Amino acid sequence: MAISSIEPVQPGELSAIAAIGEKTFRQTFASSNDPKEFEAYLEKAFAQEQLSRELNDPETSFFFAKVDGEIVGYLKTNRAGAQTEKVDGRTLEIERIYVDADVQGSGLGKALFQHALEEANALGADAIWLGVWEENPKAIEFYMRQGFEAFGEHEFRIGSDVQRDILMRRQL
């Protein structure tokens with residue numbers, strides 16, 4: 001399956017980003033979390049007001065991955081003050097790369113990652129970084145293959161459940 005396009009998300013596409021965001025997050029993490037806490041997290045994280053704030057932040061970018069015009073994944077990057085952690089250097093954070101389970105393994109995740117690398121290079125960043133859940137070995141292995149190395153950790157909360165994300169960085 002070839003990716004048709006990677007396109008910036010437009011302000012009028014809040015419902016579409018909420019739909020793909022919730023769908024892919026649910027596919028990836030629902031079975032590993034308490035259902036009540038998980039649903040509460042989804043309601044907050046993908047609420048129209050929350051996504052509107054994020055989409056209108058000039059230091060945050062969202063991109064849809066489309067195949068045959070259908071949204072099958074997305075990428076969210078953060079620059080400067082929008083980053084979820086203060087990281088040394090001139091960096092770009094990949095906050096989210098999510099791909100519909102039906103198209104995983106098709107190269108779509110790598111295409112979104114390449115898009116983030118191009119954004120980082122265009123910004124003159126010296127590194128790109130992200131946080132990945134310690135219990136997501138598939139993602140950790142993917143990022144290691146892309147040249148990332150662990151450099152720290154931070155908390156990620158699904159309701160009252162405190163989880164550990166491994167922070168990974170790739171020098172550019």
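Quick note: the coordinates plus some simple rules give every number you see, no bench work behind them. Everything numeric here is computed off the predicted structure, so don't read it as measured data. We place every Cβ from the backbone using ideal geometry, glycine too, and count neighbours over all the protein chains shown.
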Below 13 angstrom from the Cβ of Ala150, what's the summed charge of the other residues (Lys, Arg +1; Asp, Glu -1)? -2
Any idea what the dipole of region 5-125 comes to, in debye rounded to 20, about its Cα centre with Lys/Arg Cβ at +1 and Asp/Glu Cβ at -1? 180
D for the chain, whole µm²/s, Stokes-Einstein with Kirkwood Rh over alpha-carbon pairs at 25 °C and 0.890 mPa s: what number? 149
To the nearest 20 debye, what is the magnitude of the charge dipole of region 79-172 about its Cα centre, counting +1 on the Cβ of each Lys and Arg and -1 on the Cβ of each Asp and Glu? 240
Beta bridges by DSSP in the chain, antiparallel share as percent, to the nearest 5: 90
Sum up the charges of everything whose Cβ sits under 14 Å from the Cβ of Glu49, counting Lys and Arg as +1 and Asp and Glu as -1, but leave Glu49 out. -1
Determine the sum of side-chain charges near Glu39: Lys and Arg each +1, Asp and Glu each -1, restricted to other residues whose C-beta is under 11 angstrom from that of Glu39. -1
Label-point separation, Ala45 to Gln114 (7 Å along Cα→Cβ), nm: 2.7
Under 20 Å Cα-Cα from Lys76, which lysines qualify once same-chain neighbours fewer than 8 residues away are excluded? Lys23, Lys44, Lys66, Lys86, Lys110, Lys138
Residue-wise, which Karplus ³J(HN,Hα) couplings in Hz belong to region 154-168, taking 6.51 cos²θ - 1.76 cosθ + 1.60, θ = phi - 60°, and x for glycine or proline? 8, 7, 10, 9, 10, x, 8, 7, 8, 10, 10, 9, 8, 8, 10
Once both labels are modelled 7 Å past Cα along the beta-carbon direction, what's the Thr84-Ser5 spacing in nm? 2.9
Given points 7 Å out from each Cα along the Cα-Cβ axis, report the Leu123 to Asn136 separation in nanometres with one decimal. 1.9
How large is the translational diffusion coefficient of region 35-90 in µm² per second when you combine the Kirkwood radius over alpha carbon pairs with Stokes-Einstein at 10 °C and 1.306 mPa s? 119
Given Cβ charges of +1 for Lys and Arg and -1 for Asp and Glu, the option among Gln104, Ser31, Pro137 whose Cα lies farthest towards the positive end of the dipole of region 1-141 is Gln104
Under the helix-only model (-39500 (n - 2.57) for each DSSP H run of 4 or more, divided by the residues of the chain), the mean residue ellipticity at 222 nm, to 500 deg cm²/dmol, is -11000 deg cm²/dmol
